[in-house]
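**Q** Mind having a look at this structure? Questions to follow.
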Amino acid sequence: MPGKVCGDVFEYDVKVRFADVDDARVVYYPQFLDYCHVVFEEWMEHGFGKPYAETFQDDGVGFPAVNVNVDFVAPARFGDVLRVRLTVTHLGTKSATIRYRFAGRDLDTSVPSDKNMRVDARVTVACVEMKSFRAMPHPDRLRAFFARYLEEQES
């Protein structure tokens, strides 16, 4: 489902570490899901203004992944710095789909570019009440925060 960004975009750089690569010397594919969660936590802390740990522990609200779709476009290697662009592609009553676009940097400019796309991942998370681990509607403040990053869907 293509979309164009009309809301905010959260950007975060991830450096590929030696421990992240496999024997083929490229990022071992499940590592990208770990990167997604790191970026999610940074987004909550720096975008929402509250560390995810506090939302999770103090407010009793969590966002476990319930569906993952990942397109591997090109390999990422040890030492690469990937710019991750986070947007929201869907915001339901009790779930949201977060999109993570991982791009490398142009060698000439050190600026991330879509032509250097490595991975395009979509992670659907459920909003859950942590005591019961049951789905719940997004609290108003979190819903408004997620909505700021919503992509406009093309018809």
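The values are calculated or read from the model by the stated rules, or taken from the named source; none is laboratory data. Computed from a prediction, not measured in an experiment: that's the story for all the values here. Heads up, the Cβs are rebuilt from the backbone with ideal geometry, glycines too, and the neighbour counts pull from every protein chain shown.
**Q** Just need a number here: residues in region 98-121 that are at pLDDT 95 or above and surrounded by fewer than 19 Cβ atoms within 10 Å (Cβ to Cβ).
**A** Total satisfying the criteria: 1.
**Q** Are there any pairs, at least 6 apart or on different chains, whose C-beta atoms fall under 8 Å, with the first in region 19-42 and surrounded by 15 or more Cβ atoms within 10 Å (Cβ to Cβ) and the second among the charged types (D, E, K, R) and in a helix (DSSP H, G or I), and if so, which?
**A** Taking only residues 6 or more apart or on different chains, the pairs are Val27/Asp20; Gln31/Asp20.
**Q** For the subset of region 57-88 comprising residues that are surrounded by 15 or more Cβ atoms within 10 Å (Cβ to Cβ) and small (Gly, Ala, Ser), which member is farthest from the chain's Cα centre (by Cα)?
**A** Taking the candidates together, the pick is Ala76.
**Q** Cβ-Cβ distance below 7 Å, separation of 6 or more or different chains: which pairs start in region 138-149 with a residue that is surrounded by 15 or more Cβ atoms within 10 Å (Cβ to Cβ) and hydrophobic (A, V, I, L, M, F, W, C) and end on one that is modelled with pLDDT under 95 and assigned to a helix (DSSP H, G or I)?
**A** As it stands, the answer is Phe145/Gly47; Phe145/Phe48, since those pairs meet every condition given.
**Q** Of the conditions (1) more than 14 Å from the chain's Cα centre (by Cα); (2) closer than 20 Å to Val9 by Cα; (3) free of Cβ contacts under 8 Å to residues at least 60 places away in the same chain, Ala53 satisfies every one except a single condition; which number is it?
**A** Answer for Ala53: the failing condition is (2).
**Q** Residue by residue through region 58-87, note down the ones that are within 23 Å of Phe133 (Cα to Cα) and either among the aliphatic types (A, V, I, L, M) or without any contact (Cβ under 8 Å) to a residue 24 or more places away in the chain (or both).
**A** Of everything in region 58-87, those that are within 23 Å of Phe133 (Cα to Cα) and either among the aliphatic types (A, V, I, L, M) or without any contact (Cβ under 8 Å) to a residue 24 or more places away in the chain (or both) turn out to be Asp58, Val61, Ala65, Val66, Val68.
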